[in-house]
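The next block holds one structure in the form of structure tokens; read it before the comments.
The values are calculated or read from the model by the stated rules, or taken from the named source; none is laboratory data. Every value quoted in this text rests on a predicted model; they were computed, and no experiment measured them. Quick reminder, even Gly has a Cβ in these numbers, built from the backbone with ideal geometry, and neighbours come from all protein chains shown.
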């Protein structure tokens, strides 16, 4: 017996991206508690970190707004109805994941912990291989040349 069409109409990502981000953060927090690894001077931590966290929040809100305006789901377990190419999607095919990376980098600066950089690298690798690559294959299957043209025009990250 085959799966319902709706279940097949998804990217089949390995885990929800916010959960992947959380995993990277928990890993960094755990490592920092076991073996502190500072890298940012104290004077730069709060202002630099706050600015990056704010930038991540703004990018995330703008990205979500585009999904809402297009009346399509941001959830990876639900079908995509449209290719969004406005707002931050003019510059990055994945501004939500970019906001996750900026957030984690901002936390690394704010806390001064190099472990958050390690967590960031791991988060980016898992999101790229376990989410983005799968989403790209799904969007190519679903939207064909429309998505391929968008993909040629806009970079994956920045």
_Cβ-Cβ under 6 Å pairs, at least 6 apart or on other chains, segment 145-158 side surrounded by 14 or more Cβ atoms within 10 Å (Cβ to Cβ), far side in a helix (DSSP H, G or I) and modelled with pLDDT of 95 or more_ = 147/139; 147/140; 157/98
*Hey, among 76, 146, which residue is modelled with pLDDT under 95 and either closer than 17 Å to residue 8 by Cα or part of a helix (DSSP H, G or I) (or both)?*
76
*Could you say whether any residue in segment 133-141 is more than 12 Å from the chain's Cα centre (by Cα), surrounded by fewer than 16 Cβ atoms within 10 Å (Cβ to Cβ) and under 22 Å from residue 102 (Cα atoms)?*
yes
*Within segment 87-117, which residues are part of a loop (DSSP other than H, G, I, E, B) and surrounded by fewer than 22 Cβ atoms within 10 Å (Cβ to Cβ)?*
91, 92, 112, 114
*asked:* Looking at segment 1-21, I want the residues that are over 12 Å from residue 78 (Cβ atoms) and have a partner that is buried (at least 18 other Cβ atoms within 10 Å of the Cβ) and modelled with pLDDT under 95 with Cβ atoms under 7 Å, at least 6 apart or on another chain. Which pairs are those?
replied: 17/76
*Which one of these is farther than 26 Å from residue 136 by Cβ and part of a loop (DSSP other than H, G, I, E, B): 47, 36?*
36
*In this structure, does residue 116 turn out to be within 14 Å of the chain's Cα centre (by Cα) and more than 16 Å from residue 138 (Cβ to Cβ)?*
no
*Of (1) in contact with a helix residue (DSSP H, G or I) (Cβ under 6 Å, 6 or more places away or on another chain); (2) at positive phi; (3) without any contact (Cβ under 8 Å) to a residue 40 or more places away in the chain, residue 112 satisfies all except one. Which?*
(3)
*For residue 29, which of the numbered conditions (1) in a helix (DSSP H, G or I); (2) touching a helix residue (DSSP H, G or I) at 6+ places or on another chain (Cβ under 6 Å) fails to hold?*
(2)
*Being without any contact (Cβ under 8 Å) to a residue 24 or more places away in the chain and closer than 19 Å to residue 105 by Cα, is that true of even one residue in segment 58-76?*
yes
